[in-house]
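Colleague: First, the structure itself, so that you have it in front of you.
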Amino acid sequence: MAIIELKHVHYAYGVGTSFEKQALNNISFSVDPGDFLAIVGHTGSGKSTLIRHLNGLLRPDSGQVFIHGKDLWSQMKDRRSVRFQIGLVFQYPETQLFEDTVGKDIAFGPKNMGLNEQEVKQRVQEALAFVGLDASYLERNPFRLSGGEMRRVAIAGVLAMRPSVLVLDEPTAGLDFDGRALILQQLEQFRIKSGAAIILVTHNMDDIAEHAQRVIVLHEGRMVLSGTTASVFSEADILKQCGLDVPQITRVLIKLKERGLPVRTDAITLEAAEREILKLFREGG
Amino acid sequence: MSVLIDMSKVYFQYLRNQSDNQWLLSDINLSIEKGEFVAILGANGSGKSTLAKHFNALLVPSDGKVQINGMDTREEQNKLQIRQTVGMIFQNPDNQLISTIIEEDVAFAPENLGLPPEEIHQRVDWALNAVDMSAYRLHTPFKLSGGQKQRIAIAGVLAMRPQCIIMDEPTSMLDPSGRASVLRTIHRLNTTFGITIVLITHHLEEAAQAQRILVMDRGRIVMDDPPESIFSQFELLHQLNLGIPPITLLTKRLQRHGIDLPANTMTADKCADAIIAMLEAHHGNH
Ligand SMILES: Nc1ncnc2c1ncn2[C@@H]1O[C@H](COP(=O)(O)OP(=O)(O)OP(=O)(O)O)[C@@H](O)[C@H]1O
Ligand SMILES: Nc1ncnc2c1ncn2[C@@H]1O[C@H](COP(=O)(O)OP(=O)(O)OP(=O)(O)O)[C@@H](O)[C@H]1O
Ligand SMILES: [Mg+2]
Ligand SMILES: [Mg+2]
């Protein structure tokens, strides 16, 4: 059964004011255990608004959100517990940090879940290692960290709850190269080991090409594309209209094709692109 | 040319009298000329933002000296003028947005400069237009998406039109077209208005557009060279945790098959051009 299912979700901000904004328009999709889904769209297209619906932070104006088959707003009494199952890492990590040490901050979720001290401690250590920080950070003040360090702490805090769906809003923005690779690899590991689903909001097409199985493209609050990663990236024109792009590797192939060379343009990995280009050299023009 | 930012033997730590390995900046000697476009690269926690905060006197050195246009940043009476000379776009826009209406927010700095209302009005129009946010001028900045906030923070500094703009990861939350447009704006500010630009970024492709790149590692400046020379040192980039762009990886893979593409190919367009040139040479030989 799907962990999360959205049916015809609509949402507007500032209804009845002159700033009324229809942020989501008829959004339907579902997420199964073990899925790795990416959500993309230009600035202001509705991505952050959408993911706030997944754990009950926002309530749809119309349409439904189902968690494990139950309607979040009419069939679930304990909506708070949904926040432990569906962990959300916000776009700006500072908005998520509030304790005076990194250790307490990461422990907050597990503690609230009622876990015993030993278990909490273990989860904190695990989560810290997961994001590539050593134990010396535990006693530090989270507000006196660099931007990338703060983001890592925010991710660790959500991870420590071991949610069954992990939703991350631009988790790799501000991370250095190793940090980005590490976090994405770890998410992949976590997904495979625990069977959790990962939902990633990102502007980085290269990250998506490497990790996501499916992609949803939002444009002005509507879902304009949805499908496997390769199929979505084969729609270069639509992506461009939405202010987005294909992975850089794919762009090389598209350029070659535009110049009349016989290459497939649906390659999104280094291996596949390499193969296509080598073929050109072997086949002869 | 004349020097805008001058740092000599700068050391910094938040708490004084800690052990020597606690320096967040160490032995920084740096001079940036008026009109330069400099990018700063470095791993998380390497000291990029800490260095940048020394450029407009938000932080002052624990030891050594920082001068902006010859003004010592430690002198209290210089601070106002230094902040008007060097504008800063912070890593998180929330730290920067103050007014409840966007156009007031963008007008804040020019008003503080005491400019005439007509001029203020023009600058606000121009700045909002430059970041493609004119439609939002009467909205409140606190109810915007992440990328929209980032654009407003950029507009606020553009409207001030200082001699130097420091941008701390200004495109981290922007979509590909938004990023491209901010970079175009940066170029225009640099070439048309002669504004000195310091761009902190984790994107090598963005840094590649600067004239000069500084690389930081654990509080020190370990490289200071033009992009071409930095990007030809793969091993070092790797060691410093800066990564290698996907196009460069593709180039390396093809080189292993005897396809001799130039080493510093960084963009998809250049890569495709180089491949086509190689193909022509290759097939020409048969
Ligand atoms: N609290 C709010 N009140 C009113 N309008 C809002 C609010 N938050 C967002 N909006 C508007 O709703 C639209 C969707 O915003 P959202 O934050 O979901 O975009 P996003 O896709 O996450 O963008 P980004 O990539 O910039 O983070 C935007 O036009 C935004 O201005
Ligand atoms: N207010 C503070 N008090 C104490 N230490 C701090 C403070 N702010 C940052 N630091 C520490 O100083 C070091 C350098 O931080 P800085 O913010 O300059 O890094 P950065 O290169 O900008 O990193 P990032 O890419 O993550 O933004 C980090 O190890 C960080 O933990
Ligand atoms: Mg957002
Ligand atoms: Mg920083």
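Colleague: Nearest 5 percent is fine: what portion of the DSSP beta bridges confined to the stretch A:144-233 is antiparallel?
Modeller: Here the antiparallel bridges make up roughly 55 percent for the stretch A:144-233.
Colleague: Now a separate question. Taking the Cβ of residue A:210 as the center, what net charge do the other residues with Cβ under 13 Å away carry, scoring Lys and Arg +1 and Asp and Glu -1?
Modeller: Around residue A:210, the charge tally is -3.
Colleague: Using a Gaussian network model of chain B whose springs link C-alpha atoms within less than 10 Å, name the residue from B:110, B:245, B:227 with the highest mean-square fluctuation.
Modeller: B:245
Colleague: What does the convex hull of the Cα atoms come to per residue for the protein assembly as shown, in Å³?
Modeller: 165 Å³
Colleague: For a 25 Å ceiling on Cα separation, which of these pairs sit above it: A:7/A:77; A:47/B:149; B:48/B:79; B:48/B:143; B:53/B:149; A:47/A:70?
Modeller: B:48/B:143
Colleague: With a 10 Å Cβ neighbour count serving as the proxy for reagent exposure, in which order, fewest first, do A:48, B:172, A:231, A:226 appear?
Modeller: Ranking A:48, B:172, A:231, A:226 by Cβ neighbours within 10 Å, fewest first, gives A:231, A:226, A:48, B:172.
Colleague: Net charge around residue B:169, counting only other residues with Cβ within less than 10 Å of its Cβ (Lys, Arg = +1; Asp, Glu = -1)?
Modeller: Value of the local net charge: -1.
Colleague: Report, as an integer, the average count of C-beta atoms from other chains found within 10 Å of each Cβ along A:146-155.
Modeller: 4
Colleague: Across the residues of A:243-256, average count of Cβ atoms on other protein chains within 10 Å?
Modeller: That works out to 6 on average.
Colleague: Tell me the Rg and the Dmax, in Å, that the Cα atoms of the stretch B:157-207 produce.
Modeller: When restricted to the Cα atoms of the stretch B:157-207, Rg and Dmax are 10.6, 28 Å.
Colleague: Report the residue, chosen from A:128, A:261, A:97, that carries the largest GNM mean-square fluctuation when chain A is represented by alpha-carbon nodes joined by springs under 10 Å.
Modeller: A:261
Colleague: Rounded to whole Hz and in sequence order, give me ³J(HN,Hα) for the stretch A:184-193 from the Karplus expression 6.51 cos²θ - 1.76 cosθ + 1.60, θ = phi - 60°, writing x for Gly and Pro.
Modeller: Running phi through 6.51 cos²θ - 1.76 cosθ + 1.60 with θ = phi - 60° gives 5, 5, 5, 4, 4, 4, 4, 4, 5, 5 Hz.
Colleague: Moving on. Which value, in debye to the nearest 20, gives the size of the charge dipole of the protein assembly as shown about its Cα centre, when Lys and Arg are +1 and Asp and Glu are -1 at the Cβ?
Modeller: Rounded to the nearest 20 debye, it is 940 debye.
Colleague: Also, quick follow-up: Using a ≥ b ≥ c from the Cα gyration tensor of the stretch A:4-231 (square roots of the eigenvalues), is it rounded, prolate or oblate, where a/c under 1.5 gives rounded and otherwise the larger of a/b and b/c decides, a/b for prolate?
Modeller: prolate
Colleague: Cα-based Rg of the stretch A:164-285 per 2.2 N^0.38 Å, rounded to two decimals?
Modeller: Computed over Cα atoms of the stretch A:164-285, the ratio equals 1.18.
Colleague: Within 10 Å of each residue's Cβ, count the other Cβ atoms and sort B:140, B:50, A:250 from fewest upward.
Modeller: B:140, B:50, A:250
Colleague: Using a cut-off of 22 Å between alpha-carbon atoms, which lysines can reach residue A:121, once sequence neighbours fewer than 8 places away in the same chain are excluded?
Modeller: The qualifying lysines are A:104, A:111, A:193.
Colleague: Next question, about the same structure. Lys and Arg at +1, Asp and Glu at -1: add these up for the other residues within a Cβ distance under 15 Å of residue A:276 and post the number.
Modeller: Once all neighbours under 15 Å are counted, the net charge is +4.
Colleague: Roughly what % antiparallel, to the nearest 5, for the DSSP beta bridges in the protein assembly as shown?
Modeller: Of the beta bridges lying entirely in the protein assembly as shown, close to 50 percent run antiparallel.
Colleague: Then there's this: Volume per residue, Å³, of the convex hull around the alpha-carbon atoms of chain B?
Modeller: It is 150 Å³ per residue.
Colleague: Let me ask something else about it. Using a Cα-Cα cut-off of under 20 Å, which lysines could be cross-linked to residue A:257, ignoring same-chain neighbours fewer than 8 residues away?
Modeller: Hits, sequence-local ones excluded: A:240, A:279, B:270.
Colleague: Among B:276, B:102, B:200, which one shows the highest mean-square fluctuation when chain B is modelled as a Gaussian network with alpha-carbon springs under 10 Å?
Modeller: Comparing B:276, B:102, B:200 in the GNM, the peak value goes to B:276.
Colleague: Treat the count of other C-beta atoms within 10 Å as a stand-in for reagent exposure and order A:203, A:219 from fewest to most.
Modeller: A:219, A:203
FYI, it's all coordinate maths here, none of it is from the lab. Predicted model, so just to flag it, every value in this text is computed and none were measured. Every residue, glycine among them, receives a Cβ derived from its backbone with ideal geometry; neighbour counts consider all protein chains shown.
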